[in-house]
1. Per-residue mean of other chain beta-carbon atoms within 10 angstrom of the beta-carbon, peptide A:223-231?
2. Could you give each residue of region B:148-165 its phi-based ³J(HN,Hα) in whole Hz, using Karplus coefficients 6.51, -1.76, 1.60 with θ = phi - 60°, and x for Gly or Pro?
3. Taking only C-alpha pairs under 8 Å that are 6+ residues apart, what is the relative contact order of region A:78-233 in percent?
4. Dipole magnitude of region B:266-413 about its Cα centre, charges +1 at Lys/Arg Cβ and -1 at Asp/Glu Cβ only, in debye to the nearest 20?
5. Return the sequence-ordered ³J(HN,Hα) values of region A:84-95 in whole Hz as given by the Karplus equation 6.51 cos²θ - 1.76 cosθ + 1.60 applied to θ = phi - 60°, using x for Gly and Pro.
6. Distance cut-off 30 Å, Cα to Cα: go down the list B:Lys292/B:Lys406; A:Lys107/B:Lys200; B:Lys74/B:Lys348; B:Lys232/B:Lys336; B:Lys266/B:Lys358; A:Lys194/B:Lys326 and report the pairs above it.
7. Ranking request for peptides A:173-179, B:158-164, B:307-313: highest mean number of other beta-carbon atoms within 10 Å first, then the rest in descending order.
8. Can you list residues from other chains, or at least 5 along the same chain, whose modelled amide H is less than 5 Å from the amide H of B:Gly357?
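What follows is calculated from the coordinates using simple rules that are stated; it is not laboratory data. As the structure is a computational prediction, the values presented were derived from the model and not from experiment. We place every Cβ from the backbone using ideal geometry, glycine too, and count neighbours over all the protein chains shown.
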Amino acid sequence: MKKSALTILIILAALWFLVDRDQATRVIQPELARESVTEKVQASTSAPAPPGENESAARLPAQTKSSSPSEIASLNEMASIVSQFTQPDHPLTELVDRLQKSGQEPKIFRDANSETGEMIIVRGDSPLPGTRYFHAQYFTDDAGERFVQHMSFEFKPAPDAMAAAISAVEKNFNVSSPTHRREDYVRWKLGDHKIVWVKRLSDDDMAHDPFNAYSAADRGAVRLAVEDDVHAE
Amino acid sequence: MQFIYKLALLGLSALAATQAVAANETLVWSDASGLKSISGCELSEPPSQLKSPLSELTSRAIEVDQALMINGVKHEKTFWQASRDLNQLVFLKCPNKLTYLAFEVYSPNELRPIAQVGVHTNELAIFRSSTKSRPVTVSAAPLELPAGVQAFSGSTETIVCTSSGSLNVRDESLNKVLFTANRHETLKVFQSFDATQPKKTIGGTTYTFVKVQFPSRPLEQSVGWVPEEYVKLRSDCAGAQVSTPIATPTRVWTFPTIKRPTDNYKEGMRRFNASRGGGSRSHAACDLYRVKDEQAVAATNGTVIRDRYYFYEGTYAIDVKHTGGKVARYGEITGKQAPNVKLNSTVKTGQIVGYIGKVNSNCCKPMLHFELYKGTATGALSQPGNRYGRRSDLMDPSQLLTEWEKLTFGQSY
């Protein structure tokens, strides 16, 4: 009797061990299964939650290396491109040529209607290391000349990404002191009613971008953008 | 009517080849290469005996609703716009000793002319009496791209383009199916920060896989890997074009936010024409302060003529052509797509067109930046060269907003 009870106990214990261990694993690492199938796994004992709709502040990236020299070089190259081609007398065709010569495989999208005319989007399909999602929007003025309304790109997450992006703006744009400065956002005034800003993207920024794909691994990416100063404060 | 009759007689003839100009020909047509293809005709000075001023022809494109065959294609309706060279009208003198005024012919939704035609100057009175017209189209300079650069017409939207109903979306190993995506479902393709874009093949049939995100899905089921060959621009995928059901025409307007603005949009920096940029600019909209992520709605029935684009400091805009001709820009919205709203969608009064955003600088409360245009001009809404930085038919929306506010909420600022 005792032997039978003991046997049953052992069997039950074995069953518990097999079943509840999995549940325990899922409880301890609830994000692991998701991360392994959706993105590169970043070794972490506290995996970050995926982008949420109500989070407005960016969280610092977990365990990423500082930017490499080649990535910093790419950042400055892209900042230089944005600085140059958002100024007058630098037509779209020259931008495309520059992107093509640097191997970024530009693609042109022409969205036109008889009411509001033509918007041309230029996107780079093969970005420089450490950067991605180059995007430019051109409209046409009353004289038939194209002008850039928005131009931007992203820099990869890293502990020094924000500082590197700020430095790239200071180096490649003719700016003085910023008009706005926060830990995750800096903005400067440019001539010709334009602004340049850098921002560490929040979950909210990434959640609904209609052009760019994002996952949790992208948290901490920094966008650098030049655009028309709509508010002109 | 006389002109249209003549047009009917001549319009059905082939217009592709260069031909000698007949003695009494009312119209002389070019081929795709332009005016120079009209045999024997040369540019000339305006005739001295041209009777009436032609200023109206330089500001309007005349609607011709007589079906025409142009270069082998039938066009039910075209718009004829007087050609200009350095702001001067273009005249042709032809071997039959007649003088023609050159026109560019547009199909309704094209920004580039489909043909050029000379109209005998004695027939121009017909155009002056025409009541159907639209504003002149300004064509952008031709885009000369380096060899090898791909160009596409339409939006950047990419979708699942399969012949069957669904597509397996796999994990990174490609061995496990995470979920299935629907045919024509919108997706976005990841770009890698690394120089190389990892491409993989799977045994059996060889596919190259790309990592994608499905924006309409819950986050935990939105990312995976699919064969690249099944990812296409919507404009390139047969059968995937957006259908546009005809909206029930009404003249009912509504306020473009679902609750009254928290602050008076006709005062302070929020009002139209408020001084900006230290006095160098003027505000081109009314700023309707509301709550982040709250719905912005169509003021009346219309068609989305430009889907979300980057507008300002992390916010977006969407352009709608409304019934009655006005064009509205709903600015400083988030990137979140409203249900059933995309390029060329029809929208109805009060339908959600976007969600109220907040600019990066946190200068102000979340708002809908509402711009309104009369619809009497064409071209980009943003335009350099004036203090608003906007197209010439920009209007002050304050009065209409006040009326809509009363209609919608029973009170107004």
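1. Across the residues of A:223-231, the mean count of other-chain Cβ atoms within 10 Å is 6.
2. Running phi through 6.51 cos²θ - 1.76 cosθ + 1.60 with θ = phi - 60° gives x, 7, 7, 10, 10, 9, x, 7, 8, 4, 10, 9, 6, 10, 10, 7, 9, x Hz.
3. Computed value for region A:78-233: 19 percent relative contact order.
4. Working: 22 positive and 13 negative charges, 33 e Å.
The calculation lands at about 160 debye.
5. Using θ = phi - 60°, the values come out as 5, 8, 9, 9, x, 6, 10, x, 4, 4, 5, 4 Hz.
6. Check vs 30 Å cut-off fails for B:Lys74/B:Lys348.
7. On the way: A:173-179: 13.9, B:158-164: 17.0, B:307-313: 23.6.
My ranking of the peptides, most packed first, is B:307-313, B:158-164, A:173-179.
8. Under 5 Å from the amide H of B:Gly357 lie the amide H atoms of B:Asp293, B:Ile333, B:Thr334, B:Met367, each far enough along the sequence or on another chain.
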